[in-house]
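Bear in mind these aren't lab numbers, they're just calculated from the coordinates by the rules spelled out. Because the structure is predicted, anything quoted here is derived from the model rather than measured. Because the Cβ atoms are built from the backbone with ideal geometry, glycine has one as well, and the counts that use them run over all protein chains shown.
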Amino acid sequence: MPRIIIHKNGQTIEKEVKADITLLEALRITGNSPPSPCGGKGSCGKCRVFVNRGISYYTDREKKHLSPKEMKKGVHLSCMIRVNDDIEVTLPDIPGKASILTSAEITDIPGMPLVTKEFYTLPVPSITDQLPDDTRLFRTALKNKNNITDNSGSHNYKFVYKNLPLEILQSLPDIIRKEEYQVTVTKVLDEITGVESGDTSNTLYGIAVDIGTTTLAAYLYDINSKKLLSVASLLNPQGKYGADVISRIDYTMRDKNKLKEMSSLIRLAINGLINEMTLSAQIRHTDIYALTLAGNTTMLHFALGLPARNIAAAPFIPATLSSFLLKPDELNFSINPSGRVIVLPSVSAYVGADTVAAVISTGMHNKEDISLLVDVGTNGEIVLGNSSFLYSCSAAAGPAFEGANIACGTGGVEGAISEVFVTTGGTLGINTIGSRKAVGICGSGLIDAIAFMLDMGIIDETGRITESTSQLSPELRNRVIEINNQPAFVLLNADETASGKPIFITQKDVREVQNAKAAIAAGIKILAVKTEIDINEIKHVYLAGGFGNFMRIRSALRIGLLPEELSGRISAVGNAAGSGAIRAMLSIDEYSVACETAKRIKYVELSADPLFADCYTDNMFFD
């Protein structure tokens, strides 16, 4: 078996790997894979590594992505070469810490929590009171609910008897006698799921998790007080198998173990967040009694271990769209066994529980005014409606806004160009996340850059980068160059970046943005047509998610991502999916509303709509 020797951050790792697998696969096995937004299909050109020895040739496909200078240095694309002999590689520095949106706006949340704990003092048995332990518990519970009086007013206990789970019954006699018949009962929607000795009713915590394709955000709450205690986030570890859900679904279809691997990745990540937050709040894992999950339909399939292959191709059929209340051990989550994992419902294969959660978070389902919700990502989820109707669609925007398929694109990490603007002196201005030296350009910076290029006349309304630069200022004129046989606009020169390489926008990058923004804009237009709503009738526009929060609204309007008529009505609502997941965890009423809303939302399949092609084409231009 060939050996792979990896140099990374001053350390050296050696491992034997199977022969004839790609270098990217070998690096994944060692846990050291480089970014591969396309999932190893060879289209993004971002899985670059330095090969010190073991490979002496370049494939034709590599030559399309790599410059002669890079090839001279020994840079290879790890998805395009195979390991058949010992190979030694050096991995480039990993971009800085990700900037993950975790702000989740929460207003007053009505109603009882989904999971509750109630303290009882049970009647002590006697020779005249020989009720079995489970009946004694039920009668006390029902007496506390004031459901014990019949029409005559006599105290004949009337209750609906439901057998306790066997695992509770097995320990019930010892539990109720340990603290002299004082017990605390855990209930989920009035079903008893656990019994503890003594009064533990004050120990009741819950975690809501938004499972995004790119990031995970988690929120720890004291359920009794509905108070936020801790927030944690991380990049979705599944990202090494592709930036988009289709790439990840493709990976799981290779064999049955790949789905298990994908499920394990997300569950381990969530358990890591649980551990981080419990340590921060100085509580135990067993103090957590609720874990609420929101996410797009594919992410929830992976979390539940469900095959997602049929989501990837027409007619796009998921295994389920239902909500679930699951025991923690069914998914290996490290919370109290008496608690429950609450999975919120989805609408369709591409409008998931995260969109349902965002709808209830904004309250648009209750408003008389017409609202538009837009979550711009790899798939742009869009919902239009009010208290009378809700229509949704998913626009396949592609991963351009998340840095994939963009020559110098990167995620929202420290050093990513997040803003591009005209300075007071009329020159090009740039800001990066964390004010670090630039490592690439993320989605918000990309939208700004395209808007800047439009304003300055660097690209025209068709998206074509100008060949005639005479009308540009000398400073901008020198930035229009040719890279890999295509025109490009240089944002930063090599000596201004962290990598020592220039950061630029190519003609292909502009086309990627045009495709993405046309899909979103067409989706909005089609929902307006379906609902017979004039764009001017929309009173509120909610931009959900990380990209929507950081994107400058002026730039989004300038490039036509959002209709110009909506100017002045647009607001960013942070992690609305996370907010909705929190609301569903802290209130039975809100959980019920989420389940009802998922059924209310009517889904429009854009690919089957005859209007879509024309709307998409019309919105390709920068008007």
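Brief remarks follow.
- One decimal place: the segment Ile109-Asn144 gains 10.2 nm when fully extended, by the rule 0.36 nm per residue minus the C-alpha distance.
- Calculated over the stretch 15-103: convex hull of Cα atoms, volume per residue (Å³): 120
- As a length-normalised measure over Cα pairs under 8 Å and 6 or more apart, the relative contact order of the chain settles at 14 percent.
- Nonlocal amide H pairs with Leu390, under 5 Å, H built at 1.01 Å: Lys602
- Per-residue Cβ neighbour counts within 10 Å put Ser338, Ser387 in the sequence Ser387, Ser338, beginning with the fewest.
- Of the cross-linked pairs Lys18/Lys41; Lys46/Lys437; Lys187/Lys258; Lys508/Lys539; Lys73/Lys517; Lys41/Lys69, those separated by over 26 Å at the C-alpha level are Lys187/Lys258; Lys508/Lys539; Lys73/Lys517.
- For the chain, the fraction of C-alpha pairs farther apart than 50 angstrom is 19 percent.
- In the stretch 410-501, Rg over Rh equals 0.95, where Rg is the alpha-carbon radius of gyration and Rh the Kirkwood radius from pairwise Cα distances.
- Percent RCO, i.e. relative contact order, over the stretch 175-327, from Cα pairs under 8 Å lying at least 6 residues apart: 21
- Shape of the stretch 520-623, Cα gyration tensor, a/c cut at 1.5: oblate
- Around the amide H of Asn52, modelled in the peptide plane, lie the amide H atoms of Glu88, Val89, Thr90, all under 5 Å away and 5 or more residues distant in sequence or on another chain.
- Each pair of Cα atoms in the stretch 307-357 enters the Kirkwood radius, and Stokes-Einstein at 10 °C and 1.306 mPa s then converts it into a translational diffusion coefficient of 129 µm²/s.
- Sequence ranges 295-305, 189-199, 526-536, ranked by mean other-Cβ count within 10 angstrom, highest first: 295-305, 189-199, 526-536
- The H on the amide N of Gly212, modeled in the peptide plane, is under 5 Å from the matching H of Ala217, each at least 5 residues off or on a different chain.
- Sequence-ordered 3J(HN,Hα) estimates for the stretch 30-39 from the Karplus curve with 6.51, -1.76 and 1.60 and θ = phi - 60° stand at 7, x, 10, 6, x, x, 8, x, 7, x Hz, glycine and proline given as x.
- Overall form of the stretch 29-80 per C-alpha gyration tensor (a/c, 1.5; a/b vs b/c): oblate
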